[in-house]
Each structure stands twice: as C-alpha cells, then as structure tokens.
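A short write-up of the structure that comes next.
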Amino acid sequence: MDSDPPFRQTYKTLFEDTNTIENLVIAVEECELPLIDLNRLSYRESAEKRESCKAEIARASQEWGFFQVINHGISRELLEKMRQEQVKVFKQPFHIKTKEDKFPAGSYRWGTPTATCLRQLSWSEAFHIPMTDIHAGGSGSFNTTLSSTMEQFAATVAGLAQKLAEILAEKLGHKSTFFRENCLPSTCYLRMNRYPPCPIPVEVFGLMPHTDSDFLTILHQDQVGGLQLVKDGKWIAVKPNPEALIINVGDLFQAWSNDVYKSVQHRVMTNPSVERFSTAYFLCPSYDTVIHQNCTTKPSLYRKFSFIEFRQQVQEDVQKFGHKVGLPRFLLRSH
C-alpha cells in the first residue's frame, strides 16, 4: 500500500545481512493482566472498598508493572472516534505523512533510524505529539476533527493518569501534589501508533523491547493483540480486553518509588496479515523536574537526576548501543 512506510527499501542492508537475522518468535503464554474496576473508587462506595481498590492498583504496580482498568471514565464513543480519526490519518499516502508542512514538525516517525541489525528495527509508524502541538493551528497542524478528538481524549486520560499517580504516591505514604505541579498539559505526550502487516513477522518486532521513560503510560489498543511484557523472567502475551485501558509504570515512577513500583520491559510483535492500532498517553514532567526517591523504608537506590538528564542519557545510549540502558545508569555506586 502507498500508505505504508518503505521499510524494505530504506533498511535494505539490514535485510541483506543474513548474519543478524534471528527468529524472534518464542512460544509465549497469553494471560489476562490484573483487572481493576475503578467504580470502586467512587465516593458512593464504602471507605473499605475504596482502600481495597487502591491497594490492588499498588500491588499490580509492584508485581506486574502493568494492569488494566475498566469503568475508567473515558466513553466508548470517544475511544471509537479516536480510533476512526487515527485510521484516517495513517491511511494517507506515505509521502503526505512525511511532509513537515502537513503535520507538526518531527511528529511523524517510523522504523528505527539507529538500527544496526534487524532485531533493532521496529516495523511501525507513529505520530508522537506534545500536547501543546495538538491545536497549534496554521500549517503543519492536524485537521480540526482529529485535533478536537485528540484534545478530548488527552484531557480525559490526563485526569485518569493524575488520579492513578496520586493513589500510587499515597500508597507510598505521601499525600503528594508532585504530579499536579510537575506533570502539566505542556509536558505530556500523545502517541498514535500503527503496526502495518509484516511479511517477515518472525524476524522483526513491531516495537522492540523497551521500558517507558515517563511516570505512567495509559494505552488504548484494538483487538488485534501483539503486546507482550516480561513477568517473572518470561515474556507473556497480553490478552486484549475491549472494555479496558492498559496502564503501565514508567522508569521515572520506579526511581521515584525507590523500586517499589516496577517499570518492566515490553514489546509489540508483528502480524503477517492484520494491521494494529493503539494510542498511548505519557505522563511526563517538565525537563527540569528532579526525580528523587519518595519511599523511605530503605536507603535510596538512585542518585537524584533531572528528566532532561535522563532523556539525554537514553538518547546517547541508543546512538551508541542501538538500545536504551535506562535506570541502571542512575544507580548509586554502592548498588
């Protein structure tokens, strides 16, 4: 299709290097993520039920680093509208998507420019959009319907992200205003993803294994499946749930919680015949925000660092090694 990025042509040398071709498909078990009904947080419920729900959120963040939520407050109509608009924008010809006067500069991304072998290549395309760019206006901005849909989606999901972050902070013993003060609409991101059908699904990832460099990620995915994560040292496949949003802990929350909450590796597998769509919201602080541990039950594992310092280190490592190193870079020497 002329809407698909030219993976084969652009990464021709990687496909020709037979020494680096690996079979990436290992039989994995499919399982349900912990499922949490957020209706139990309602003030119409008893204090006991609310506390039980909060405890489940914290436990899933400790044991899995991932969980899914239902009755999350984002209407099915809005989620469906988001998907429809997303499909439309990705169906445009590839040469249109790459025009910087058509979309916000730098928002359209595809493949992996730093890849030196096939297992570092992600067979996917995305629009990665700072919240401030959604309604930039003028040339290089999204059409009105998509912009307003993204804005609605981001506003409702941002409220959910803040609520969950505050619950996780509370379970560490903090009534924290940290997230409301530092994770603002101007510092958070939306990412629309498309994973085109891939003719060589056993050799290329849709999205290579990684952890997220934020506090929390909220994901709305379709029913195709493909998301996998590490649990107890093994890769497991996440069974899609049409009613649920997926939440995962990012690197910053792991450091902030002094390793109480876990930012776990995850990836997306390719599909030979079906395309997959998802939309992710990233709860990020301003670049100058300092991350320091807020769990005092044990000595701090990480040195203090700013978000910009973390981002720059990640970019350096990806350039140098082809993959992110992440939090181990910021461990105190004694650890």
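Brief remarks follow.
- Counting only Cα atoms, the size of the range 50-137 along its three principal axes is 51, 37, 22 Å, in decreasing order.
- Each of Thr279, Thr211 was scored by other Cβ atoms within 10 Å of its Cβ. Listed from fewest to most, they are Thr211, Thr279.
- Nearest-ten-degree value, helix 76-90 long axis tilted from longest Cα axis of the chain: 30 degrees
- Over 37 Å [Cα-Cα, the chain], rounded percent: 15 percent
- Over the range 128-273, relative contact order from alpha-carbon pairs under 8 Å, at least 6 apart, %: 26 percent
- For the range 149-291, radius of gyration divided by Kirkwood radius, i.e. Rg to Rh on alpha-carbons: 0.99
- Extension reserve of the Thr10-Arg180 stretch, reckoned as 0.36 nm per residue once the Cα distance is removed: 57.0 nm
- The charge dipole of the chain, taken about its Cα centre with unit charges on the Cβ atoms of Lys, Arg (+1), Asp and Glu (-1) only, comes to about 420 debye.
- Across Lys175/Lys262; Lys298/Lys324; Lys175/Lys304; Lys12/Lys320; Lys99/Lys324, pairs whose alpha-carbon gap is larger than 23 Å: Lys298/Lys324; Lys99/Lys324
- Relative contact order of the range 7-330, taken over Cα pairs closer than 8 Å and 6 or more residues apart, is 21 percent.
- Translational D in µm²/s for the range 1-100 (Stokes-Einstein at 25 °C, 0.890 mPa s, Kirkwood Rh from C-alpha pairs): 132 µm²/s
- Summing charges over neighbours of Gly233, with a neighbour being any other residue whose Cβ is under 14 Å away from its Cβ, gives 0 when K and R count +1 and D and E count -1.
- Taking a straight line from the alpha carbon of Lys234, these aspartates and glutamates sit under 18 Å away, with near neighbours fewer than eight places off in the same chain left out: Glu29, Glu30, Glu32, Glu63.
- Degrees separating the helix 307-321 axis from the principal Cα axis of the chain, which is the longest one: 40 degrees
- Using alpha-carbon coordinates, inclination of helix 144-170 to the longest axis of the chain, degrees: 40 degrees
A short reminder: the numbers here are calculations on the coordinates, not readings from a lab. Predicted model, so just to flag it, every value in this text is computed and none were measured. Neighbour counts run over all protein chains shown; Cβ positions are idealised from the backbone, glycine included.
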